[in-house]
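For reference, the structure is listed below as structure tokens.
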Amino acid sequence: MIKISIGVITYKRINDLIHCVQSIENSINFAINEGKELKINKLIISDDGDAITEEFIKKYFSLRWERIAGPKRGIGANRNNILKNVEGDWFLMVDDDMEIPRDFILNSLELLERINSKKTIITGPALQNGKIIPPTQPNYWGHRCIKIDCIDHPEGFLDQISWYPISIVSMCKFDESVIYGATEMDFAHQLISKGFDIKYDEKLLVVDLGVGKTINPSNVIDFEAARIFYMFRRYGKWKKSMFKLMIFGCLEPIRLSVALFKVYKIIGIQYAIKSYVKSYSFLKNGRKGTLY
């Protein structure tokens, strides 16, 4: 019998959370009704806001969910909050704007039963605006544009919802140094450097309800700084390629300035400079969570 935990991270998106958790409960009940045996060790909601209460859980959810206070230090720290509290053989980490289909848990259990390795992360595609989109991995510059569905050894996964073996809890953590940014890029390379493998399965389809939500222009610097910072870590710490690190460090300021100029005109160059400076501050400061 497979022992699992499920953790949902949330921040002030009540309606999304309700829809997400209820879809998880429906999928769990469907798997049980189909005769699947499983032991649920923990069902957790890591709340970076302050809206979730015991009364709220009892009102909207049918299973026994535990609300734990989020660290309020960004998405990486909130995901690490889940890592600290899961138990069992495998755990599913879910963002609050995801919906899982009725057969998701059933398909997941059938896949987990066939996997012998305890060093495998399992991910699937997302339904976005009516299209099935596989997860992506970053190109050389850190832009997530390479689909992993045809890659033998992927370097990316669907960060909003994936299965992890419990063994990663003591070996890996999400970066906590940035508030906004693609923390899963850094996490994926950290996992691979520790001997973990990423497996893609098209049956683990989920629905992404967050598609179409726009990024605040004021966060452009934060997102670009995080991308640059994670590429420094990718080549310098995880891949240990000084050549790629040097090429990236020299050419990225020019490339980013041109790219942002096309979108924001002259202020785009200012955004690029500030992004680069901020990425260096992450490296220089050695803030908590940046090194493991």
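The values are calculated or read from the model by the stated rules, or taken from the named source; none is laboratory data. As the structure is a computational prediction, the values presented were derived from the model and not from experiment. Please note: Cβ atoms are built from the backbone with ideal geometry, for glycine as well, and neighbour counts cover all protein chains shown. Remember, those area values only see protein heavy atoms, side chains included, never the ligands or the DNA or RNA. Shrake-Rupley method; radii C 1.70, N 1.55, O 1.52, S 1.80 Å.
Points to keep in mind about this one:
- Cα-Cα over 26 Å, subset of 131/265; 3/173; 3/58; 12/58; 72/119; 39/119: 131/265; 72/119
- Pairwise centroid distance, computed over Cα atoms, of region 79-118 with region 155-180, Å: 12 Å
- Our summary gives region 96-197 a relative contact order of 26 percent, counting only alpha carbon pairs under 8 angstrom and 6 or more residues apart.
- Assigned charges on the beta-carbon of Lys, Arg, Asp, Glu; region 130-203 dipole about Cα centre (debye): 100 debye
- The aspartates and glutamates whose alpha-carbon is closer than 12 Å to the alpha-carbon of residue 118, local same-chain residues fewer than 8 away aside, are 89, 197.
- Degrees, to the nearest 10: 14-33 long Cα axis against longest axis of the chain: 50 degrees
- Globularity index of region 7-165 is 1.06 (Cα radius of gyration / 2.2 N^0.38 Å, N = number of residues).
- Taking only protein heavy atoms and a 1.4 Å probe, the accessible area of region 1-75 is 46% carbon and sulfur.
- Normalised contact order of region 6-67, rounded percent, pairs of Cα under 8 Å and 6 or more residues apart: 49 percent
- Value of relative contact order over the chain, rounded to a whole percent, pairs C-alpha under 8 Å and six or more apart: 19 percent
- Fraction of antiparallel bridges per DSSP, the chain only, in percent to nearest 5: 35 percent
- Taken along its three principal axes, the alpha carbon spread of region 152-255 comes to 41, 35, 26 Å, from the longest extent down to the shortest.
- Residues whose amide H falls under 5 Å from that of residue 96, counting only those 5 or more places apart or on a different chain, are 9, with hydrogens built in the peptide plane.
- Each of 66, 99, 25 has its accessible area taken with a 1.4 Å probe; listed largest first, they run 66, 99, 25.
- Normalised per residue, the accessible area of the chain is 48 Å², obtained with a 1.4 Å probe and no contribution from ligands, DNA or RNA.
- Dividing the convex hull volume of the alpha-carbon atoms in the chain by its residue count gives 130 Å³ per residue.
- Here the accessible area of region 232-278 is 74 percent carbon and sulfur, with a 1.4 angstrom probe and all protein chains present.
- Of the peptides 54-63, 139-148, the ranking by mean beta-carbon count within 10 Å, highest at the top, reads 139-148, 54-63.
- For the peptides 4-15, 34-45, 183-194, the ranking by mean Cβ contacts within 10 Å, running from highest to lowest, is 183-194, 4-15, 34-45.
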